[in-house]
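S.K.: Please see the structure below; I have some questions.
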Amino acid sequence: MRAALRRVATETRLHPAQFVLPVFVVSGEGVRTPINSMPGHFQLSVDQIALLAKEAESVGIGGMLFFGIPDQKDEEGSPAWDPRGPVPRAIEAVASAAPEIVRWADVCLCEYTSHGHCGPLRGHVVDNDAALPSLSKAAIVYAEAGADVIAPSDMMDGRVAAIRAALDQRNHHQTVICSYAVKYASGYYGPFREAAGSAPAFGDRRSHQMDPPNGREAIREAQLDVAEGADMVMVKPAGPYLDVVAAVRAKVEVPVVAYQVSGEFAMIEAAAAQGWIDRDQVMVESLTGIARAGAGIILTYFALDAARRIEVAQ
Ligand code: PBG
Ligand code: ZN
């Protein structure tokens, strides 16, 4: 088929506006610490985040998602709701440097707890209900800094309702909640845990993340979060769970977001570095598959490069 005809007949079109770039924020100035397992990605101080946001804005990327790496951690994860912490400061900096970038704040305690679990511990188990007030406090601090989207990623039961109530009480009715409703206990998060310094000190996250063989359970999780007030739902990882993306898309009315996680990114980069695959072709193909499955918004570490590549292609 000739290229012009193919272009007209295409069923799935990627657009930079649907990409959200995850970034890792640290304190200091001029800091760009490379993340070994994620080529081209760095732990960045707030001034560097602002520069990156301008670049992201200039290629038309829709948003940036912030993960904070605090200087101090404690049992409760209290640095998560420090108004001068890395995430609120990054949100403020991006709001003034690149207003077209939608600001997404990941809300979870595992980057902030000394034990690396997603909530306070009771013995060796995460205390679900004790985590809820902490998550709400963090969400309010991020909304007050100017976050457009609050994205709770811990998979604790009841957190969407708790965060919605806390935001509404402070008059943050406009702040959107994107729930990581369908988050699998996955091996694909490996590089992220290096990047964010959030590997659990013992055990794993199987008590609150989903079991990879289960697909129908994903629908229930997504519907529950929508009922609690989620404005968007996320499926994570993306590539190994395209059937789940499609099923959730068919069953809920809110936008479906998919997160192409650190391990998916790292595998493509690693194979490309060996010369075993064509990086750019596989990058676009992997994102096209995620969009074809039904994700309207894609969180991806390829956001910048993919946006540039699509501009060239059109
Ligand atoms: C938890 C969180 C994780 C990721 C995003 N949010 C890690 C986890 O659940 O262990 C993983 C993202 C990625 O691998 O790119 N705050
Ligand atoms: Zn967590």
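S.K.: Scan (1) assigned to a loop (DSSP other than H, G, I, E, B); (2) over 27 Å from I297 (Cα atoms); (3) within 14 Å of ligand 1 (Cβ to nearest atom) for the single condition R84 breaks and write down its number.
M.R.: (3)
S.K.: Filter region 76-117 for residues that are of a type in the set (S, T, Y) and surrounded by fewer than 21 Cβ atoms within 10 Å (Cβ to Cβ) and give the result.
M.R.: Selection gives S78, S96, S114.
S.K.: Quick one: in region 188-207, of everything that is out of contact with any Gly (no Cβ under 7 Å at 6 or more places or on another chain) and more than 14 Å from M155 (Cβ to Cβ), which residue is nearest to ligand 1 (Cβ to nearest atom)?
M.R.: Filtering first and then ranking leaves F192.
S.K.: If you don't mind, another one. Would you please list the contacts, defined by Cβ atoms under 7 Å and residues six or more apart or on different chains, that run from a residue in region 106-117 that is within 18 Å of C178 (Cβ to Cβ) and outside any loop (DSSP other than H, G, I, E, B) to a residue that is modelled with pLDDT of 95 or more and near ligand 1 (Cβ under 8 Å from one of its atoms)?
M.R.: Listed pairs, sorted by first residue: D106/F67.
S.K.: Here's something else I'd like to know. Does region 90-105 hold any residues that are within 22 Å of I177 (Cβ to Cβ) and away from ligand 2 (no atom under 16 Å from the Cβ), and which are they?
M.R.: Hits for region 90-105 are A90, I91, E92, V94, A95, P99, E100, I101, V102, R103.
S.K.: A further question follows. Out of the residues in region 136-187 that are away from ligand 1 (no atom under 13 Å from the Cβ) and charged (D, E, K, R), state the one that is surrounded by the most Cβ atoms within 10 Å (Cβ to Cβ).
M.R.: Taking the candidates together, the pick is R164.
S.K.: Specify the residue that is nearest to ligand 2 (Cβ to nearest atom); the eligible residues are those in region 248-268 that are assigned to a helix (DSSP H, G or I) and touching a helix residue (DSSP H, G or I) at 6+ places or on another chain (Cβ under 7 Å).
M.R.: Filtering first and then ranking leaves S262.
S.K.: Something else now. For residues that are in contact (Cβ under 8 Å) with a residue 24 or more places away in the chain and away from ligand 2 (no atom under 12 Å from the Cβ), scanning just region 118-133, find the one that is surrounded by the most Cβ atoms within 10 Å (Cβ to Cβ).
M.R.: Applying the filter and picking the extreme gives L132.
S.K.: Here is a further query. Would you pick out the residues in region 56-75 that are surrounded by fewer than 15 Cβ atoms within 10 Å (Cβ to Cβ) and in contact (Cβ under 8 Å) with a residue 24 or more places away in the chain?
M.R.: D71, D74, E75
S.K.: Okay, next question. How do the strands (runs of 3 or more DSSP E) wholly within region 1-51 filter down when requiring 1 or more residues that are within 18 Å of the chain's Cα centre (by Cα) and modelled with pLDDT of 95 or more: which remain?
M.R.: Per the criteria, 19-26, 42-45.
The values are calculated or read from the model by the stated rules, or taken from the named source; none is laboratory data. Given the structure is predicted, the values throughout are model-derived calculations rather than measurements. When we count neighbours, we look across all protein chains shown, and the Cβ atoms used for this are built from the backbone with ideal geometry, even at glycine.
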